[in-house]
Amino acid sequence: MNRQITQVREAYAKLGALESTVHSDDGMVGVTVGARGQVRSIELNPRVYRRLSPAELADAIMEQISRATGAVSEQSRQLMEPLMPEGLPYEEVFGENATLDAFLPPPVEPE
């Protein structure tokens with residue numbers, strides 16, 4: 001039991017430090033996202049203003065945020081999935097459509 005507690009504590013410490021930095025294919029936009037999806041930094045190549053319209057730049061930034069957030073989510077899954085109780089899928093607890101139902105017993109039908 002102590003080993004499991006240690007593993008969970010270590011995993012949660014690592015979770016808080018997760019981040020992902022991604023760059024657009026052309027190198028014009030870079031974004032770093034933290035463990036909870038917070039944008040930590042946005043890097044713009046000075047030439048980006050000559051190459052992209054404001055709308056294109058906004059789209060490029062949003063695309064990199066999405067990619068970085070996806071990468072952090074995957075890192076989080078890899079870290080937490082091995083600690084999940086058997087029979088309790090990761091997606092039910094931490095996925096996009098997670099609800100408290102994963103933690104509750106099934107409903108009892110009245111007789």
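The values are calculated or read from the model by the stated rules, or taken from the named source; none is laboratory data. Here the structure is a predicted model, which means the values were calculated and not measured. With ideal geometry, Cβ positions are generated from the backbone for all residues, glycine too; neighbour counts draw on all protein chains shown. To get the accessible areas, we keep the full protein, side chains included, count just its heavy atoms, and leave off ligands, DNA and RNA. Shrake-Rupley method; radii C 1.70, N 1.55, O 1.52, S 1.80 Å.
Sort through Glu86, Glu43 and tell me the only one that's without any contact (Cβ under 8 Å) to a residue 60 or more places away in the chain, open to solvent by 70 Å² or more (accessible area, probe 1.4 Å) and under 30 Å from Gln4 (Cα atoms).
Details: Glu43 fails: under 30 Å from Gln4 (Cα atoms).
It is Glu86.
I'd like the full set of residues that are over 19 Å from Glu74 (Cβ atoms) and either among the hydrophobic types (A, V, I, L, M, F, W, C) or in contact with a helix residue (DSSP H, G or I) (Cβ under 7 Å, 6 or more places away or on another chain) (or both), limited to segment 31-54.
Ile42, Leu44, Val48, Leu52
Which residues, taken from segment 49-58, are surrounded by 14 or more Cβ atoms within 10 Å (Cβ to Cβ) and at pLDDT below 95? Can you show your working first?
From segment 49-58, those surrounded by 14 or more Cβ atoms within 10 Å (Cβ to Cβ) are 52, 57; that's our starting set.
Within segment 49-58, Leu52 is the sole residue that qualifies.
Here's a check for you: in segment 1-40, which residue that is of a type in the set (A, V, I, L, M) and part of a loop (DSSP other than H, G, I, E, B) is surrounded by the fewest Cβ atoms within 10 Å (Cβ to Cβ)?
The residue in question is Met1.
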